Structure formats: structure tokens, C-alpha cells
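Written below as C-alpha cells is the structure these notes are about.
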Amino acid sequence: MPTLRLLLLIPVFFLSFNIQAAVSSNHFDHFSTGFPLTGKHRNIDCSSCHLSGHFKGAPLECAGCHNGSRAPGKPAQHISSSIYCDDCHTVNSWQSATFDHTGVQGSCTSCHNNTTATGKSPSHIPSSAICESCHNTVSFNHVSTVDHAEVKGSCNSCHNGSISTGKSSQHIITNQQCDSCHSTTSWKGARFDHTNTAGKCSSCHNGVTATGKSISHLQTKAQCDSCHTTASWKAATFDHSAVTAPCSSCHNGSVATGKNVNHLKTSAECDSCHTTATWKNARFDHSAVSGNCSSCHNGNIATGKSASHLLTTADCGNCHTTTSWKGAGFDHASVSGPCSSCHNGVIATGKTASHVQTNAQCDNCHNTNTWKGANFDHSSVTGSCSSCHNGVTAPGKNSSHLPTNADCDNCHTTTSWKGAVFDHASVTASCNSCHNGVVATGKSPSHLPTNAQCDDCHTTKTWAGASFNHNSVTAPCSNCHNGVVATGKNPTHLQTNSECDACHTTNSWLGASFDHNNVTGLCSSCHNGSTATGKNTTHFVTTLDCERCHSTQRWKPLVLFRHDSPDYPGDHRTATLCVDCHTTNNQTIAWPFPTYKPDCAGCHANNYKSDEHKGAGNVPLPVADVQDCSGTCHLKKATKSHQHRASAGGW
């Protein structure tokens, strides 16, 4: 075991000896190894490169040591590069490297991004990210060539006379970009593109600016490009559209080829059917034909309607063009039947399952161009508005809508929701539920006090011209009929303190039901023969008022009169008539014996029997002594009283 340990220590000893010997030797020529020590390499220990004492086989390239293990290598932020360290760096310092773009991996912008290295300035031409398209690795400035393929934007964004050379003053007037004519190699030798010229051909081709029409040129006011191309004057395509005269002025068989003997007889010009390219394969111009289509297209002269053709009396030209039968522009106006005769889901597309329920024909809403964008016609809908306008199928009543069970069309039109004609007939609530001064106009301060609803008097058309309903008025008539608010009693009205409705109705002033109980004045204030019926010519002459004899129910019989004069002797038992006493039909009585009025003898003095009326000594008494039969009987100095009575019926 001691022997083995000795053997292991011998190499270590010699290795240590050799390294120290080499280090201590100041005269070792490292250049002889092919790797001279210069710069910073002169100051590092040998063992930094010669690991484990091995002198031979040490790396000769930078990356052999500068790999992050033996010595510092490229940091993470180092430019991606495939070149050697010494291509840029020196042995004296990492800094102040001489940068060589040839070894850089990746695009220029991976460094030239204004962070790692200088990038594009704000005034740089908009372009792609490839710097080397224009710049070289020597200098950004003094760009000798610009790769226009990498430039973004139009030519005039640079070639505007400010940033770069623009159009000169004598340049052809055009709004086109430079590259429409010029290349990026040279301004000269431009390919002229006539399509980009804004003016007419003659503005240049006028014999001054550029070659114009020669003296032998066909007389025409057309522009050059009507016949010539921009490639060559010769081999021009003759443009007949520039000729002002009709075709036959040339194509008459003399100046130019005209109609041959087999030509269709027609007065139409050549260009009605033929083109300027060739006579053959002429397009037949039906506009020159005087008859209708069916005069030829009848299945004999020319192709007519096939067996499966839509039944119609319309002429061919109503649907077909003169170019082709197919692709016809179908003209519904020529169809005699209703839309549904075809659009029934069998012959042609019909109503879909989700179509609005209606018995109307298609053309009530749709046009013949497209199904969509239909002009909806509500008049053809069989259901009520709410069957669609329910908030699901179509917009319905919103939350602030007036509560009503009426259908939409009671107020709204099919043109617009707004500007509705309000129909009060459909409102279920009372008028004042809206006409309360908040939701809608209510009663004004000057309105008649009433608890009636608006429609008791007003209509839904206007407030004015109301049909006034007195039944709803709580105040007495005179509250309004006072001559201020409404018509009151006129100067000739019967004097009364009763209300209007005591006699009048709310329908008319005339034909009043008169109630005498409410009259404060005398009867004669009305019954005077002017205001009302008065006493007729045979009426009893009296100063008494009507009501002393008559009632307000009828004139006859006179059951109400009672004598209240102190001269009245009392009611007589016998059936005495008024005229028995009032012999002159007057209130004033003509007494037969006025000396004895107002006693019985005033009327009955002629009935006096003196032999039955005796006084003292059995002497007959004179009438004057016993003139009051019903008074003291019979003497002035009576011994008995009340011998006779007017109500007794006899003496």
C-alpha cells in the first residue's frame, strides 16, 4: 500500500515541478507555440488556459476558452453572430470592438431598433425592415441606392419636390404615381402610359406638342384613342362611333361595301344589326322591325313559344331580350292571372310557413324585383293588429301606452306610430283618468263646477261646441244663468226668485212648465193680456187679483172667492148667482134701495110687509125701523133679536 501511494504522488510532483518551472521561466518564447501572448493574455496565469498542467492541445481559437466555462463568453444580450471573437474584439479589451456585419445572424432590425443600436429616425421613408436594401455596413448616410421594392407608400410621398425630386414644371399633367411610367432605375426612358393621362389625346397630339392628324387623315372630331392604340398609329381599329354621318353615306356600294341583293329588306342603318368588326354574325336589331314579335316568332318564320311556356298573351319583348331567350327579364305586368296562380309553392315559390297570415296577393306587398324589402300593406292582413303587434312578432304597446283594449289601427296608421288619431271610443277608463291636468288637459280654473265626466258634455273631436248636460251640475241654475256666466233672466222675465229648472227644462227655454207657486208678484203683473192671458171683454169688472177667484190649475169654476166686505150680509141659503146682486157685472153693486144699504132692506125693501111688523100700540112699523132683518128684530128698540137670517132660506 505505501508503495502504491508513492507511485501516485510521483506524477503530481513532476506536474507541479513542470508548471512552476515554466512559470518561473521568463525566457519561454510562447510565440513558438503558434499562439503569441499579446494584450490581456500576457497577464493571466498559464493554468487559466493550460488546465491540469497540459501544455499541449490548448485551444487556439477564442471560443475554445471564451465559452462561459474557461473564460467569459458571449453574454445573453450579445448580438447573434457566427463569427469569431477576434473578428470584432481585440486582445486588449472587449470594449471598442470593430463591428463586422458579415458575421451577424438575423435581420438588421434585430439590432437597429433604436434600443440595441440606432434605428430608423421619425423622418425615415416608410419602408420594410430590411436596412441593407438601401444602406451598407459602412454608413447609414449617403445612401447610394434605394430599393424601391422595399418602400411602403406611394411614389409622391417622397417624390414631391421636397423630400426627393418631383415632377418638373413641363411634366405632362397627370395625377398618376411616378411608377405608372417611370422605373426605379432612371427617370428617362419612361414607358408612357396613356391610361394615366388626365387630358384628351388632342391636348398633346395637336401637331405641336406631339404628332397630330396628318393632312390625309379621315375627317373626324373623334379623339385619337377612338381608333388608334397607344402602341402604334398604324393598324388602327376604325371607330365608326366617331363618324357623324349615317352608315349608308359610305356603305352604299360605291364608297364602301353596301347591302347585297340577298339582304333583308329594311330601312334601318347598317349599325342597327352589324358591328364595325364584320358583316357576318350580325346581331339582329329588332328595333328596326315594324311588326310585333309574334309576327315572326310564331313557330314558322322564327322560333315561337314552346309547349311548356308560361301562358300569356304578352309579346316576346315583354320578357325576352333580342340577345337570348334564356335569362329573360320576366315581366309580371304581362301575366293575366293573380300572383298566387304561380306563386303557390308548386309552380313558383309561395308563402313560407312563417309568412304573415293574409289572403292578399303577392304584389300587395312585394315587387317583381325581390321578395325582400317588401312594402308591407296592412290592409291585406286578415287578423287584428295585436296578432302581430304583441311585442313578440312585431313591436307592441310599450309600458307607457294608454291602457286600452282597442286594436292598434283604432288610433295609429300603417305609416307611422306617431301622429296617431286618438280614438276615445276605445278607452275603457273614465275621461278624468287622463284628462286630469297631468296626463292630458283637464278642467280649467274657469270650468263649470261639476263632478261629471268630460264626455257628458264634450265630444272627442273638440272641447268647444260641447253638448251641455245639466244633469251633472251640482250647483243651482242661477249659479251660471246669472247673465254673466250664462244667459240669465231677460228684463221682461216674470219676477220670481225660483230657480230656472222650476219652470224650464235643459232642452229649451220655451215650452216651460210654469209653476205659479214660485211667483212673488201679483197675477195681474203677468195676466194683463200682454205677458200672459188677461181678463177678456166679458170678464167681471173688479180690482181684485186673479187668485181671489181662480186657481193656478184652471180658470173655472170660481171656487176660491169669498166675500170679505163689511157690507156683505153673508151667504144666502138660496142658490143665488153673482149676477143676482151684481146686476151690472161689476164689483160695485147698484143697490135697489140704496137708502138702506148695506142692510137687508137695501135689496129687500120691496118685500117688506108692514102688517107683519107692528110696533107699540099695534101700529105697523116703517121699513127704516126694521131695515136690518138679521139684526135687532124688529124695532130699533128691540125686544127680540135675530128674527131672520140670510142662510135660513126664508123669512
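Things worth noting here:
- Protein-only accessible surface order, largest first, of GLU61, GLU269 at 1.4 Å: GLU61, GLU269
- Cα long-axis angle, helix 2-24 against the chain (0 to 90 degrees, to the nearest 10): 90
- Less than 5 angstrom separates the built amide H of LYS614 from those of LEU621, all sequence-distant by 5 or more or on a different chain.
- Near ILE173: Cβ cut-off under 13 Å, other residues only, Lys/Arg at +1 and Asp/Glu at -1. The net charge is +2.
- Cα gyration tensor, region 53-124 - rounded (a/c under 1.5), prolate or oblate: prolate
- Backbone phi angles across region 44-57, fed through the Karplus curve with coefficients 6.51, -1.76 and 1.60 (θ = phi - 60°), yield HN-Hα couplings of 9, 5, 4, 5, 5, 10, 8, 6, 6, x, 8, 7, 7, x Hz in residue order; Gly and Pro are listed as x.
- The modelled label-to-label distance between ALA117 and LYS597, using points 7 Å beyond Cα along the C-beta direction, is 16.2 nm.
- Annotation for VAL484 and TRP233: the two label points, set 7 Å from Cα along the Cα-Cβ direction, are 11.0 nm apart.
- For the pair GLU269 and LEU311, the difference between a 0.36 nm per residue extended length and the Cα-Cα distance amounts to 11.6 nm.
- Segment ALA575-THR195, length gained on full extension (0.36 nm per residue, minus Cα span): 122.6 nm
- Listed by chain and number, the aspartates and glutamates whose C-alpha is less than 17 Å from the C-alpha of LYS351, apart from same-chain residues fewer than 8 away, are ASP363, ASP377.
- Sequence ranges 162-175, 317-330, ranked by mean other-Cβ count within 10 angstrom, highest first: 317-330, 162-175
- In this simple spin-label model, placing a label point 7 Å from the Cα along the Cα-to-Cβ direction at both HIS582 and PHE99 gives a separation of 15.1 nm.
- Listed peptides 578-587, 80-89 appear in the order 80-89, 578-587 once ranked by packing, highest mean of other Cβ atoms within 10 Å at the front.
- Couplings 3J(HN,Hα) of region 230-236, computed from phi: 7, 8, 7, 5, 6, 6, 6 Hz, in residue order, whole Hz [Karplus 6.51 cos²θ - 1.76 cosθ + 1.60, θ = phi - 60°; x for Gly and Pro].
- Mean Cβ count within 10 Å, highest first, over the residues of peptides 600-608, 92-100: 600-608, 92-100
- With a Förster radius of 56 Å applied to the C-beta separation of ASP407 and ILE173, the computed FRET efficiency comes to 0.25.
- Identified option (computed log10 I(q)/I(0) by the Debye sum over Cα atoms at q = 0.08, 0.10 Å⁻¹; candidates (1) -0.70, -1.03; (2) -0.63, -0.97; (3) -1.05, -1.19): (3)
- Potential extension, SER80-ASN618 segment - 0.36 nm per residue separation minus Cα distance: 174.6 nm
- Under a 5 Å amide H cut-off, with hydrogens placed 1.01 Å from N, SER81 pairs with GLN105 among residues at least 5 apart or on other chains.
- If R0 equals 41 Å, the separation of the Cβ atoms of SER69 and GLU132 corresponds to a calculated FRET efficiency of about 0.75.
The values are calculated or read from the model by the stated rules, or taken from the named source; none is laboratory data. Nothing here was measured: the structure is a model prediction, and the numbers come from that model. Virtual Cβ from ideal backbone geometry, glycine too; neighbours counted across all protein chains shown. Accessible surface is based on the protein model in full, side chains and every heavy atom, while ligands, DNA and RNA are left aside. Shrake-Rupley method; radii C 1.70, N 1.55, O 1.52, S 1.80 Å.
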